[in-house]
């Protein structure tokens, strides 16, 4: 019981001093019940980094499958739900929003020039990855910690992601 109280005091102290436990997007709680139920926009990655790594690995595996298709077809056109499934069957590909680390939301532009995928981590953070072809290897950009994603559905138009990593 003492160790639980110590952890709670430590987290409260970190939040109060602006440490990694704080979130600029969360409004200050006015009472203990509100503090326990306040939704934080950006879950702190240090709370359970393994959850986020699982989602990121799913995206890397989906990207690898998409690049296999691009190598065979000279395009990302067939790196869709049906095309990805036989290459990396451990993931569930869909055109709707991701709600779990093994569900990958995928979209691509016509002519196979750009491909996007998003995955929702168990921590609540949504991660995205983008491949733009035109040269090989394609340009890869990311979204997640630096670029916040409100929806975990792969975009259908260029979202302008520019992050070089998560």
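Just so you know, all these numbers are worked out from the coordinates, no wet-lab data involved. This structure is a prediction, so every number in the text was calculated from the model and none was measured. Here the Cβ is made from the backbone with ideal geometry for all residues, glycine too, and neighbour counts use every protein chain on show.
Some points to look at:
- Projected over every direction and averaged, the convex hull enclosing the alpha-carbon atoms of segment 96-166 yields 4.6 nm².
- Near-label residues of segment 106-143 by backbone N, under 13 Å of a point 7 Å along Cα→Cβ of residue 99: 120
- Shape box of segment 80-119 [Cα atoms, principal axes, largest first, Å]: 28, 20, 11
- Pairwise centroid distance, computed over Cα atoms, of segment 50-76 with segment 91-106, Å: 12 Å
- If you take the Cα centroid of segment 120-145 and the Cα centroid of segment 151-166, the two points sit 6 Å apart.
- For segment 49-143, the Stokes-Einstein estimate of translational diffusion at 4 °C and a viscosity of 1.567 mPa s comes to 101 µm²/s, using the Kirkwood hydrodynamic radius over alpha-carbon pairs.
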